[in-house]
Amino acid sequence: MRNWWGAGVTAGGLLALLVSGEARADGAFKAVRTSAPPELDGRLDDAAWKDAPVFDAFTQSFPKEGNAPSERTEVRVVYDDRALYVAVRSFDGQPASIARGQGRRDNPPGSDLVTVVVDPDRTRRTGYAFTVNAGGTLRDELYYADTQNNPDWDAVWDARAVVGEDGWSAEFVLPLDVLRFSSDGTQAWGLHVRRELRRTQETLDSAVMPVTANAFVSRFAALEGLVGLQPPRMLQLQPYLAGRTVMRPRQTVGAGTLALPSADVGLDVRASLTSRLSLNATFNPDFGQVEADDVRLNLGNSELFFPEKRPFFNEGMDLFAAPETHFGEQPHILFYSRRVGLDAPILGAAKLVGKVAEGLEVGILDAVVTGAANPSGESEEDGRVQFHPLRPLHVGPNSDLPASQPFARNFLVATARKQLPGNSTVRATLTDVTPLSRRCSPTVLEAGEEDCDEAVGSAGSVDFSVVTEDREWEVRGQLSGSLRRGGAPAKTLRDGTVLDDGDMGWATWVNAGKMGGEPWRTAVYFFHTSPTFDINGPGYLYNQNVQGVLADVGWRRSEALGPFSKSEAGLYVVRRFSADGRGLGAGSDVGLWGNTRLPNATVMWFNFVAKDPELDLWEIGGAGIPYQKTPFVDANIGAETDASRPFSGWFEVGGYRFLQSVLRSHTAYYSGAGATWRPVPKLETKLSVNLSRQVRPARYLERTADDTLLFGALSAPQLSVTLKQQVVFSPTLTLQGYAQLFGARGSYGQLYGARAPTYGTPVRMTDLTRVDADPSAYDFEAGALNLNLVMRWEYRLGSTLYAVYTHSQKNDEDAPLTRGVIPASLFKGPSTDVFMLKWTYLWDASV
């Protein structure tokens, strides 16, 4: 095998030290300016690297924290007025065992990889992370609040990797215009390099990263030697052109298929207004290449939460992210970006993010949604192509437009975060939704139609984080308020609370405890959400009118314990009440959890919880009648093997049992298993199967004409099969396939009834009596088949060509119900096919 490591490399790298400068082991990196930037090929044979000091003071963070690495790693850093260049040489005594799988950008498989993280403003909170694996796949992400990270952040940069006889090497080119830093003559940056060596399961870090530290960016080593750098003025324009054809069935059954061709043009703009303040804007954005959401069945009484996948609403959004408790929850999400563009196209959006003073960051995001209506109403035969001022960058037949005018609105979110001494912070956030059109005519609006609610609202919050110097103890919290403006005469929430124009609500939570250190950790969490707190216009709220307290204690060991290389476990207790002054019991939980990691990188876990829902305030939607539910116990176990192996897998099995009460007991189960097969580095197949049976001993159905509340015993089996196929022709040319087959059937058994009590009076299990009626009238089924193929070619850095095909199909809702989990009518139901070509071009005018 040819040695690509450059002249002068011998086993162990001894001669490299002699010709490349003295190795640094003082905990700091040293960068030198170069007049001849290295050629990006991953081989490290350029003259620029020969004069760069070597950093090799790596240590293990896992599995044996603080131990010397089993393999040597060297880092060199050079720079010029355009970019920061980083070279990483990863020695390996068994080069044939280097895991070099390939994947699409931002999704490298389990493999040997190197990550360079830069804190250019030395905030000790924000880090820009750039990763390349031994197969050449790139990934970037943004760290914020020291330990949190956003994997969807994207920047224009490049790296190359090469495997040689003594290991592998990588070269990074990090343009300065993607890094925010000051104009000081001598720069003070933070830098961290992490190597993941899959063969030995080692994580090697350039600075000690104790598992117990509850810190990351704040522990970075210094990067010295950066002199005379001026922040470049970034200006990037990225126009796009997309053409698509939608094939869907006509509204008249048996009338054939309707073909709707259309085209869109748009523009993305990225510009730096100052050295620390940047502007991102998009006009008529198109997200046709984004993977569809998984299909899920919702039997609960709250809205499902779906993660954001659209690039504009992911990049640089850390400043807008809702604060988290140490349990990973976000109780009050004031800005839920999935609301933007949900029911109307996005005309344009812009966000301004950066520093305006030392330690003070600001962010403003504004988006306008609007759209045109078909002048012919619901007619499918209007093939005229007309100019519509509300969708000026879209071209297509009128029949491609909705029959009614979309509800135009403006979404605004503004935030400011101040960094306090000791890595503590305080932040203020404001959100607002303003109507730009009428949703319904005045006559229809006066009738109080629910889907004509034009209510908008505002919300604000202040959140904080106070951390001790050792990062072990922390207090986090948030205080929020909401205001409803306009809309229909009133809005009734699920618990029966009535909101009118001008109504305000408030919510708060505080989380405090020992978040770091070993072996013990403990925390308490208090939360309160008033009945009139409503942020579901711009944000997301699981439920209102609830308060409670949670206490937990955890045990953690990062060192080996018998056959386990890392273990943790915990016990928690939760108690909830209504927040409307009555103090109604709204549920209590006692849970136990644990997980461990074996030396072969297999992870195993278990969970157990006993829950007493007590009175559910939201089950009987809008009635204001609490409903007593049945206690149950829930337990599950699972395991996942080493993802870097050619074949890996996972499984989880669990179940829950409703305990004996007035109603008979019921048992449910859920299970899942998946496998990843990577026969060669360029090919990856993922298959997952989830099978479950949800049950509800007495689920609320309806309020009958004689004022009886009707409930039914529900059994709902579900099956979901997901296949993901990836072919990597090169790091810049990939083909990704996605398919999901989903089916669910709900069958009701015994029906129960209770006389509807007065407002606020609970319905208890002892109030339920059997109802002799046919329960099959309430049975339901759901089925879906979604397919997605995306060819992505980055034909030049930052410029991409997409070819996309999507197919979505649902079961025929008018067909008779079948006994199987997958509806028999699924493949006879209506389907939609979309073919799309999208071209983008990055024009970089940065200076």
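The values are calculated or read from the model by the stated rules, or taken from the named source; none is laboratory data. Only a predicted model underlies this, so the values are computations on that prediction, with no experimental measurement involved. Every residue, glycine as well, gets a Cβ built from its backbone with ideal geometry; the counts of neighbours run over all protein chains shown. Just so you know, the surface numbers come from the protein's heavy atoms only, side chains and all, with ligands and any DNA or RNA stripped out. Shrake-Rupley method; radii C 1.70, N 1.55, O 1.52, S 1.80 Å.
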Gain in length, residue 827 to residue 608, computed as 0.36 nm per residue apart minus the alpha-carbon separation, to one decimal in nm?
-> 74.9 nm
May I ask you to order 495-501, 296-302 by the average number of other C-beta atoms within 10 Å around their residues, highest value first?
-> 495-501, 296-302
Mean ellipticity per residue at 222 nm, deg cm²/dmol - from DSSP H runs of n ≥ 4 across the chain, formula -39500 (n - 2.57) | -500 deg cm²/dmol
Total charge of the residues flanking residue 736 in space, meaning their Cβ is under 13 Å from its Cβ, with Lys and Arg +1 and Asp and Glu -1, is +3
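Take every Cα pair under 8 Å in the chain that's 6+ residues apart, average their separations, divide by the length, and report that relative contact order as a whole percent.
9
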What number, in nm² with one decimal, is the all-direction average of the projected area of the convex hull of the alpha-carbon atoms of the range 322-365?
-> 4.7
Accessible area (Å², 1.4 Å probe, nearest 10) - residue 124 = 100
Compute the relative contact order of the range 626-768 as a whole-number percentage, counting only Cα pairs closer than 8 Å that sit 6 or more residues apart in sequence.
-> 20
30 Å Cα-Cα threshold exceeded, pairs from 351/418; 30/351; 611/724; 514/611; 629/828; 724/838 = 30/351; 611/724; 629/828
With every protein chain in place, what's the accessible area of residue 666 (1.4 Å probe, Å², nearest 10)?
-> 20
Over the range 80-167, with neighbouring protein chains present, the accessible area per residue in Å² at probe 1.4 Å is 27
Taking K and R as +1 and D and E as -1, what net charge do the other residues with C-beta under 10 Å from the C-beta of residue 467 add up to?
-> -3
For residue 518 paired with residue 357, estimate the spin-label separation in nm (one decimal), with each label point 7 Å from Cα along the Cα-to-Cβ line.
-> 4.3
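Accessible area of the chain with a 1.4 Å probe: how many percent of it is carbon plus sulfur?
58
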Which far-off residues, 5 or more places away or on another chain, put their amide H under 5 Å from the one on residue 199, with H placed in the peptide plane?
-> 99
Label selected from (i) 26; (ii) 49; (iii) 34, the criterion being percent of Cα pairs over 44 Å apart as computed here = (iii)
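Do any GluC sites (Glu not before Pro) in the range 19-127 lie in a loop, going by DSSP, with at most 16 other beta-carbon atoms within 10 Å of their beta carbon, and if so which? Mind dumping the intermediate values first?
On the way: sites: 22, 39, 65, 71, 74; in loops: 22, 39, 65, 71.
Here the sparse-neighbourhood loop sites are 22, 39.
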Taking the mean number of other Cβ atoms within 10 Å as a proxy for protection, how do you rank 741-751, 370-380, 569-579 from highest to lowest?
-> 741-751, 569-579, 370-380
